[in-house]
Amino acid sequence: MQGMIDVFNQLKPSIPYILNGVWVTLQIAFFSALFGFILGIILAIFKISKLKALSLFARFYTSIFRGTPLIMQLSLVYLALPQLFHFDIEPLTAAIITFSLNSAAYMSEIIRSGLNAVDKGQYEAGKALGVPYGKLMLDIILPQAIKNILPALMNEFITLTKESAIVSTIAVTDLMRRAEIVSANMYMYFPPMIVAFIVYYCLTMILTFIGSLIERRLGRSD
């Protein structure tokens, strides 16, 4: 017992270094969710489009990113494509691009279901009033859909926060990577990893609580 206490005392100076990785983790999750959301809207509109080519493209895109491992996608963006096309890319940039593209596939399905859930009368009323399709979608249909699917979008953000740990494989100094560095320096994995484990859990619980608040708020506003 005393030995374990001594180990954690030895870890104390490194805890701020590990905790600073939270901001990198949240940065990846935030920007990936933002860009994934924007691309997801475009893909969702393509999926419900009457133009067969757009619908097929969006569904093929989704099948690619949902049907392959995320870590493989990350390796392609960070290692394979730069080697093939002779360009350099920062690990953090590669992580955000990969997670954005991956998240867009999942968000497009969430948004598509939200768009399909909007009363068809809204579409017909907009067309009867001569509202252009783009304006109809952006000003009338999409806001209603987003309100209905906001809890699901929040869950996607929580998932991104947890899955971002794999960016440690390409040397992004996020929470997980910093815990690994401290573990290697200490020649002991349990103390740094349990700190990272607790921080990830706390982050998830906080985001889940925020998501619950949003869901209750939306429920009261109906």
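The values are calculated or read from the model by the stated rules, or taken from the named source; none is laboratory data. Keep in mind the model is a prediction, meaning the values are calculated, not measured. When we count neighbours, we look across all protein chains shown, and the Cβ atoms used for this are built from the backbone with ideal geometry, even at glycine.
Points worth noting:
- Which listed residue, of 183, 164, is under 19 Å from the mean Cα position of the chain (by Cα) and under 30 Å from residue 8 (Cα atoms): 164
- Inter-residue pairs, beta-carbon under 7 Å, first basic (Lys, Arg) and in the stretch 111-130, second assigned to a loop (DSSP other than H, G, I, E, B), 6+ apart: 112/48
- The set of residues in the stretch 123-139 that are in contact with a helix residue (DSSP H, G or I) (Cβ under 6 Å, 6 or more places away or on another chain) and either surrounded by fewer than 17 Cβ atoms within 10 Å (Cβ to Cβ) or modelled with pLDDT of 90 or more (or both) is empty.
- Put simply, of 154, 176 the only residue that is out of contact with any Phe, Trp or Tyr (no Cβ under 9 Å at 6 or more places or on another chain), touching a residue at least 40 places away in the same chain (Cβ under 8 Å) and surrounded by 15 or more Cβ atoms within 10 Å (Cβ to Cβ) is 154.
- For the stretch 83-97, a residue qualifies if it is buried (at least 24 other Cβ atoms within 10 Å of the Cβ) and free of Cβ contacts under 8 Å to residues at least 60 places away in the same chain, but none of them does.
- In the stretch 66-108, the residues that are within 25 Å of residue 153 (Cα to Cα) and of a type in the set (Ser, Thr, Tyr): 68, 93, 98, 100, 103, 106, 108
- In the stretch 44-53, residue surrounded by the fewest Cβ atoms within 10 Å (Cβ to Cβ) [restricted to those that are assigned to a helix (DSSP H, G or I) and either small (Gly, Ala, Ser) or modelled with pLDDT of 95 or more (or both)]: 53
- For residue 193, the requirement of being assigned to a helix (DSSP H, G or I) and at negative phi is met.
- Residue within the stretch 28-40 that is assigned to a helix (DSSP H, G or I) and surrounded by fewer than 11 Cβ atoms within 10 Å (Cβ to Cβ) present: no
- Screening residue 89 against (1) within 14 Å of residue 171 (Cα to Cα); (2) assigned to a helix (DSSP H, G or I); (3) of a type in the set (Val, Ile, Thr) leaves a single unmet condition, (2).
- Verdict on residue 138 being in a helix (DSSP H, G or I), among the hydrophobic types (A, V, I, L, M, F, W, C) and touching a residue at least 12 places away in the same chain (Cβ under 8 Å): no
- No other residue among 168, 212 is surrounded by 12 or more Cβ atoms within 10 Å (Cβ to Cβ) and either over 27 Å from residue 72 (Cα atoms) or among the aromatic types (Phe, Trp, Tyr) (or both) apart from 212.
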